[in-house]
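Values quoted throughout were computed directly from the atomic coordinates according to the rules given, and no laboratory measurement underlies them. The structure presented is a predicted model; accordingly, all values stated were derived computationally and were not measured. Backbone-built Cβ (ideal geometry, glycine too); neighbour counts: all protein chains shown.
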C-alpha cells in the first residue's frame, strides 16, 4: 500500500518532468533538509535514555553537574540546528513548488490561448477553469508539502524502527505491532473519505446550481407564486447536502479518536513489557523512557498519513488532467502558414465539407466564390450552417475536406495571426472584457488615441451612452464592471471592429438584438465601412438582405441558391415565401414600433 | 428593521475580509444552536471528559514507573496498565462522542441557516432583485455560509475546551513539581509568540496572495469565456504576456509567504527541543536533590510540548471568528431586508378572479420622480385579448410588472374585478394569473417537471392534455426520454424555441384567468414559428390576455391595441381602426411594413 502511494508520487513528478527538472536543485536542497529535520529529532529520545541511565545515577551518587550541563548544551544546539533544518526544508520545498507551479500555470495558459476552437466547443468554461485553478493548486500542495510529508512518513517510521531495534529489539517488535494496524485503519478511512468528499463537492455544486437558478429565475418564481414549492425543492437539496456533509465529516470524526489513542496503546505495551524487562534487569529504565519519547515522534507520521494520502492521490489526478491538456495539439502545431501579405478579399470555397468531430456534417460540398469588394449575405434557417461557414474563413476550424482560398491562396498557407487581424468579425453573442470601455474598443489596436476610439464609438451609436456614464470611457465593464444591456454591448463590439478597420468584414447577424432605429443607423455605418471591402453578412432581415450584392441561401449544409435579392425574390418561390411570411413579421417586427 | 431601499446601499458596501466582534451578531447566530442545546451539553461533557483522560494518562504512567517498575512491583504494574487501558477507552469514547456531535450540530446549524436565508430571499420583492446582482446574493448564501463551515471545522468547542485543557496541564505540572513547571515560563511565551504574532503575519500575507491569485484567475476566466473574440482579433500573444506578468505578481507575493512559514516552523522546532532539554536539566537538578522521581520527569516530557496545539487552535479560532463576524453581518443584513410589498391584514378572503382589469390614473417610477408611466387609464373586460405596442422604453414592461403586482403604483389604482389590487392576497391573486416572459427562464429538471412548475399537483394526463392542446406533444415525444427529457441547467439542452413553447405550456397548465405574455422578439425557425403562432392563439383563448406583441399576426388578432409612447397611452383601438385613424400606430406600421408586405 505504502509502495503504491510512492509510485503515485513518482508518477505525478514524472508528468511534470520538464518543470520539475528546471528547479531540481531546490528539490535536492529540500530532500537534504528533510534528513536533517528528522534525524535531529532523535536527539531527545537518545538524551532521555542517556540521562536516565548514566547522568542521573551519577548525580544521585553525588557526581558533578557537568555531564548534565553538557547534555543540555548539546540539546540546545541540536534544537537550533533542527530549527534551521526545518526552516530550509520549508523554504526549499515551497520555493520549488511555487516556481514549478508558476511555470506550469504559464505553460497551461499559453496552451489554452492556442488550443483550437473545436477544443473549446467540447469543453465548458467551468471545467477548464477548474483545470487551471483547482488542479494547479492541488499540484502546488503536492509539491509544497505532499512530497515532504510522504518522505518524512517513510523516513521517520523506518529510522525509528531501526533505532528501536538497535536499542532493544524485542520491545521494538512489540511496540511496532501497532504501527501497521493504525496505518491500515487510516488508509481504509482515507479511501472512504475521498469518495465521501467527492460526493460532498458534487452535492455542493448541485446546491449552488439550485440557488443560482432560483435567483436568476426569481421573477418567474414570484409570477407563478411558486415560493412554497421552491422552498420545498430547496429543502430537499439542502437535506441531501446535510447528508453528504455529515457522511464526509463523520468519517473524519471517527478516525480522529482512533489516532488519538495510538500512543496510549503504545504506552501500555511499553509499560507492561518494558516494565517487566526493567524489573528482571534485562533492560534499563532509560531505554523504557526513550521508547516513550520515540512514541511521541511516531505520532506525526500516523496522524499525517490520511491527509497525505489524499494530497498525493488528488495531485496524481490533477497532474494527469494537466498533462492531457498540455499534450493536446494546438493551432500553432496544426497550422504553420507563413503568408502575411495584405488581404485583398477574394474568398473561394472549393468543395468544402465540415463536421465538428462528434456530429453530423454541418457543411456538405460547398463551393462558391466571393470577389474582392463584394457584399454577400448568408441566408438560411437556424442550423443550416451559416455560423460554421463564416468561422471557416478566419480558419477557426480547418475544413474537414476541400480547400478555402483567400486571395487565391489556401488559407492554411496564411499566417493565422496576420490573416485574422485583417478580418473583422462581429459575433452574434459578444463578449466584453473586464476593463474600461476605451480599452475594450481598442482591443484590436491597444495604442489607438482616445479621439479615434471616440470616433469609432460615435459611428457605432454608442458615444452618447458612454458619455452619460460617470466615468465615461474609463467606465469598467465586463463581469466586475457596470452592467450594460445586450444592445449596448453589441454596439461596443461594433465600435471595436470599426476601429480595427479590417480588410474583410464578417457580421454574424449582429444587429438583430438592437431596436429598429438604432439598427438602421448602425447598418448605414456598416454599409459605409463595407464600401470597397469584402463583406459577409449573416442576415435574416429584408432590409439587410436588400443591401447585399448577392445572397447565398444555405439549407442543411448545402448551397441551395445564389443570386441577388431581387432576382431570388422573383424566381425562388421558397425564398419569396420565407421573406414574406416570417421576415416581414418577425424582423421588421412590431417590437420596434 | 431595514427597508429595501436602504438595504441596497448597505449591501453594495465593499466586502471586508474581517469584522469587528459584535455581541448582537453573536447572539443572533447563537439562536441557531437553541434547538440543539441537549446535544451541545453532551458534547461539552464529552469534551471535558476527554481533557480529563488526556491529563490523567501521563500521571498514571508516572505512578507506574515510580511506584511499580522502580519498586519491582509487577502486580501493581498490571493495575496501572489496566487503569491506562480504561483511560484510553474513555479517551476514545469521549473523543468520538465529542467529534461526532460537533459535526452533527455544526452541519445542522449551517443547514438551518441556509434554509432560512433561502426562504427569506423568496419573500423579497422585485425592487430588491433589481438592485442586487445575482452573483452578490449568491456569494452571501454560498461563501458567507461557507465561512461558518470553516468556523465549525476549527472546532465549536475550541476556545472553552482548549483553555480548560491548558489550565489543566499547567495544574497537573504544578501538582507534580512546581519548580520543574517553571520550564513553562520559557515554552509557553515562545509558543504564544509563534501562534499569536507570526501566525497573524502569515494570515495577512496569505490574504494578499489570495487577492493576487484571484486576479490571475479572473483574467484566466475571461480568456476562456472570451476566446472567440481573442481569436477574432488575434490577441493571443498579448494575452500571454499579460498573464505571465500577473502570474509573476502572484509569485512575487507567494515568495513573501513561505519564508514566514519557514520562520514559524523553525521557532516551533527549536522551542520544541528547548522544552524537553530544560525538563532534563532542571529535572536532573531536582532529582539530585531527591525532590522528584524519574517518573515525574517522564510525565513532564509528555506534557511539555502539548501546549502548542491548543494554543494554535485558539489562535485559529480567533481569526475564524473575526472572519465569521464579517460574514454574519452580511448574512443578517439580507435577513433584515423587508419586502416592499406585503399583504394587508384585512384582505379579500377566498378571492376568485374572473379577469376584469382597470388602470385608474396610474403613475409609476422605479426611481424617485423618474416616471415611466404617466396617468395611465384603461379598462379591459373579462376574456379580451389586448396587444400592447410601443417603442423600447415606452412603458410596456412596466404595465406587466404592475399587473402582476411586482410593484405597487406610485399613484393611482389598479382595480381587478372591482377590488383594488392591494386588497388581494398576493399568493391568491398570482396563482390565478400566468406570465410568459421573453426570456423563458427554465429550471433544470425534466420537461414534465418544468411544465408542472405552473401547477405542481398536475398529473401526467393534465400535462399531456396541455401539450396536445398546444400542438407540441409530438415535438416532446420526439425528444430522447420524451417528457422525462432532462433539459439541463436553465434549459440549455433544448433550443430557444422549445424553451419558449415550454414556457407557454407552463402557463397554460395553470388555466389562468389573466394571461400576460411578453412575446419573444427573436425570430425562430419556420417550424417553431408556426407552433408558437398557434400556441399563442390557444393560450389567449377564453381569458383576459395582455400581450406585448412583436408579431403582426398577434396584433391583428387582438381585440384591442394599446399604443404606448413615453409612458403614456397615446392610442387604443382595433388594428383596422387605428390604421384608418392615421395616428402614430398607422405611421409606424406603414413605415415598417408598407414597402415589403405586398
Final fewest-first order of B:70, B:60 on the 10 Å Cβ neighbour count is B:70, B:60
At what distance in nm do the modelled label points of residue B:420 and residue B:21 sit from each other, each positioned 7 Å from its Cα along Cα→Cβ?
-> 5.1
Residue A:173-residue B:120 FRET efficiency (beta carbon distance; Förster radius 56 Å; 0.05 resolution) | 0.35
Partner shielding of A:292-301, as the mean number of partner chain Cβ atoms within 10 Å, equals 2
Shielding of A:228-234 by partner chains, average beta-carbon count, 10 Å = 5
Could you tell me how many degrees, from 0 to 90 and to the nearest 10, lie between the Cα long axis of helix B:584-593 and the main elongation axis, the longest principal axis, of the Cα atoms of chain B?
-> 90
Relative contact order for the range A:430-499, counting Cα pairs under 8 Å that sit 6 or more residues apart, in percent | 52
At what distance in nm do the modelled label points of residue B:438 and residue B:215 sit from each other, each positioned 7 Å from its Cα along Cα→Cβ?
-> 3.8
Compute the separation of the alpha-carbon centres of the range A:299-313 and the range B:418-472 and state it in Å as a whole number.
-> 54
Find how much the distance from residue B:408 to residue B:382 grows on full extension, using 0.36 nm per residue of separation minus their present alpha carbon separation; answer in nm with one decimal.
-> 7.1 nm
Label-zone membership for the range B:346-371, site residue B:511, 7 angstrom Cα→C-beta point, backbone N under 20 Å | B:350-356
Determine the gain in length on full extension of the stretch residue B:159-residue B:139; use 0.36 nm per residue of separation and subtract their C-alpha separation, reporting nm with one decimal.
-> 4.4 nm
According to a simple spin-label model (label point 7 Å from Cα along Cα-to-Cβ), what is the distance in nm between residue A:338 and residue A:195?
-> 5.8
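Can you tell me how the range B:442-509 classifies by the Cα gyration tensor, rounded, prolate or oblate, using a/c under 1.5 as the rounded cut? If you can, show how the numbers build up before the last one.
Values: a/c = 1.44, a/b = 1.24, b/c = 1.17.
Cα axes put the range B:442-509 in the rounded bin.
Within 10 Å, count the other beta carbons around each residue, average over each peptide in B:427-437, A:445-455, and list them highest first.
B:427-437, A:445-455
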Which value in deg cm²/dmol, rounded to the nearest 500, describes the helix-derived mean residue ellipticity at 222 nm for the protein assembly as shown, given -39,500 (n - 2.57) per DSSP H run of n ≥ 4 and division by the residue count?
-> -19500 deg cm²/dmol
Taking 0.36 nm per residue of separation and subtracting the Cα-Cα distance, what length does fully extending residue A:401 through residue A:415 add?
-> 3.0 nm
Can you figure out the FRET efficiency of residue B:179 with residue B:89, using R₀ = 35 Å and their beta-carbon distance, to the nearest 0.05?
-> 0.55
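Neighbouring Cβ atoms within 10 Å as the yardstick, rank B:388, A:46 fewest first.
Values: B:388 27, A:46 20.
With the sparsest Cβ surroundings first, the list reads A:46, B:388.
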The range B:397-425 scanned against label point 7 Å out from residue B:363 along Cα→C-beta; backbone N under 16 Å for B:408-414
By DSSP, what percent of the beta bridges with both residues in the protein assembly as shown are antiparallel, rounded to the nearest 5?
-> 50
Relative contact order for chain A, counting Cα pairs under 8 Å that sit 6 or more residues apart, in percent = 15
With a/c under 1.5 counting as rounded, go ahead and sort chain B into rounded, prolate or oblate using the C-alpha gyration tensor (a ≥ b ≥ c being the square roots of the eigenvalues; past the cut-off, prolate if a/b is larger than b/c, else oblate).
-> prolate
Considering Cα pairs under 8 angstrom that are at least six residues apart, work out the relative contact order of the range B:178-291 and quote it in whole percent.
-> 52
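Arrange B:347, B:404, B:267 by Cβ neighbour counts within 10 Å, fewest through most, would you? All intermediate terms of the calculation are to be shown ahead of the outcome.
Details: B:347 15, B:404 23, B:267 20.
Going from sparsest to densest Cβ surroundings: B:347, B:267, B:404.
Rounded, prolate or oblate for the range A:430-499? Axes are the square roots of the Cα gyration tensor eigenvalues, ordered a ≥ b ≥ c, and the cut-off for rounded is a/c under 1.5. Provide the component values of the computation, followed by the final result.
Numbers: a/c = 1.30, a/b = 1.24, b/c = 1.04.
It comes out rounded by the Cα gyration axes.
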Report the calculated FRET efficiency for residue A:162 and residue A:184 (r = Cβ-Cβ distance, R0 = 25 Å), to the nearest 0.05.
-> 0.75
Per-residue average of Cβ from other chains inside 10 Å of A:93-99 | 4
